[in-house]
Amino acid sequence: MVTILANSQPNGVLQLYYSDASGTSRQVEENVGSLPLVIRRSQGLFGSVSVQWSVQSGTAVAAPGSMQDLFSIQTIPEAGVNGLNSFVSGVITYLLQAGNETSASNGSTSALYYWDGTWIKSQNISTNGARAWESWVFESTRYFAVANFGTPGNTEVQSTIYNFTEDGQLSEMQRLNTMGASDVKYFTSSNMEYLIVINRENNAGSTNIASVVYRRTNDR
C-alpha cells in the first residue's frame, strides 16, 4: 500500500474574483447597489476551510453591508426535471435528479451528481417519468426508491429500489408495480421498515386507485 501524505497546498489556495469575470480590481459607480464576488478554491481540497473578510475605505467610505445576494455559479443542462434529493455518503455530498423528459433514443433518464465545488455527473439512471426520489440508510447501507409515473396513457409501469455501491453508484435491487407513481416515502415503526408509494392514475386515466404500503422482510 502506498500512502500519499498531504503536500504542496493540501488545503488549497483561495482567490477572490468578480462573479462575471476574473480580475483583482474593478471600478464601479456609486449607485451600483451591490457587487457579487466569488471565492474559488484551487490546487487542494483537503479538509474544510473558511474565509474571513473585511472592507476598507479608500476613495469611498467602506461599511458592512446588510444585503445578501444569491448569484449563479453553475447551470446544469437537464430537461424536464421534476425533483431533487440530496444526501451525504462518507465525506461526499450527492444529488439525485428526477428526470421526466422522454426521448425515443434514450428513454427517460435521471442522474446522480457529486459535489466538488460544482455538481459533476457520475451516473445516468434509466427511469420512466420519474417524479420523486427517496433515500434512507439501513444497517450501514444506503437505499433509494424512485417513483416512476410513466407517460399519459401508459402509467402502469414499475418503480425501482436501489442500493448504493462502494464505488458511489446506484445498483438496482427490486421493481414494484405502480400506477402513475407521484411520490415515495420511507418510514419506520416498532423496529419495522416501510415504504409507501403514492399511485396517482392508471392507464385509463382514472384516479380512483389506491396507494400501497410495503414492509421490508428479512431478506429484502
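Worth pointing out:
- Selection status of residue 194, open to solvent by 40 Å² or more (accessible area, probe 1.4 Å) and either under 27 Å from residue 89 (Cβ atoms) or among the acidic types (Asp, Glu) (or both): yes
- Annotation: of all residues in segment 142-180 being among the charged types (D, E, K, R) and assigned to a strand (DSSP E or B), the one that is farthest from residue 85 (Cα to Cα) is 156.
- Some residue of segment 70-87 being in a strand (DSSP E or B), of a type outside the set (D, E, K, R), modelled with pLDDT of 85 or more and under 20 Å from residue 193 (Cβ atoms): yes
- Residue check for residue 111: modelled with pLDDT of 70 or more and either part of a loop (DSSP other than H, G, I, E, B) or within 17 Å of the chain's Cα centre (by Cα) (or both): yes
- For residue 181, the conditions (1) closer than 14 Å to residue 145 by Cβ; (2) open to solvent by 50 Å² or more (accessible area, probe 1.4 Å) are fulfilled apart from (2).
- Screening the candidates 138, 164, 144, 149 for the property of being touching a residue at least 60 places away in the same chain (Cβ under 8 Å) and open to solvent by less than 30 Å² (accessible area, probe 1.4 Å) yields one hit, 164.
- Within segment 167-178, the set of residues being surrounded by 15 or more Cβ atoms within 10 Å (Cβ to Cβ) and closer than 15 Å to residue 213 by Cβ comprises 176, 178.
The values are calculated or read from the model by the stated rules, or taken from the named source; none is laboratory data. This structure is a prediction, so every number in the text was calculated from the model and none was measured. Note that each Cβ is placed from the backbone with ideal geometry, even for glycine, and that neighbours are counted across all protein chains shown. In case anyone asks, the SASA skips ligands and DNA or RNA and just uses the protein heavy atoms, side chains included. Shrake-Rupley method; radii C 1.70, N 1.55, O 1.52, S 1.80 Å.
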